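Below is one structure, written out as structure tokens, with a few remarks after it.
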């Protein structure tokens, strides 16, 4: 049986019972793990520019009117590592973040609303398990 989690099914079941009981030790550990999950890339859109703060400590900013291209890069390494990356390219460089970054939903909604955005390529990218790049929008 395939079990895609870091813990065995037995460990998982034991932990689930401890959560239901409200075991303070297990709850404290889970809160700590939850804090680690918050340490992921974060996007903030102020309406003019988007600031990307990466978990590595980098801070990148790209402005909506400077975006030249939006692409999605996929790889075959998932689901245990980030396998879908969003890439914004400007004349000055590029910014990329893994799918699921905090604050990405409003950024992607706006990106998908750009005139000429290729929704079919976006859908194809979301279903891809290959090493590939899908250019979904390019400034004309």
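The values are calculated or read from the model by the stated rules, or taken from the named source; none is laboratory data. It should be emphasised that the depicted structure is a prediction, and the values quoted were computed from it without experimental measurement. Don't worry about glycine lacking a Cβ; one is built from the backbone with ideal geometry, like all the others, and counts go over all protein chains shown.
A few comments on the model shown:
- Matching residues, region 98-140, being in a strand (DSSP E or B) and either modelled with pLDDT of 95 or more or outside the structural domain of residue 53 (by TED's automatic domain parsing) (or both): 133, 134, 135, 136, 137, 138
- Output for region 48-80, where each listed residue is touching a helix residue (DSSP H, G or I) at 6+ places or on another chain (Cβ under 9 Å) and part of a helix (DSSP H, G or I): 64
- Taking the criterion of being outside any strand (DSSP E or B) and surrounded by 16 or more Cβ atoms within 10 Å (Cβ to Cβ), the residues of region 81-97 that qualify are 82, 83.
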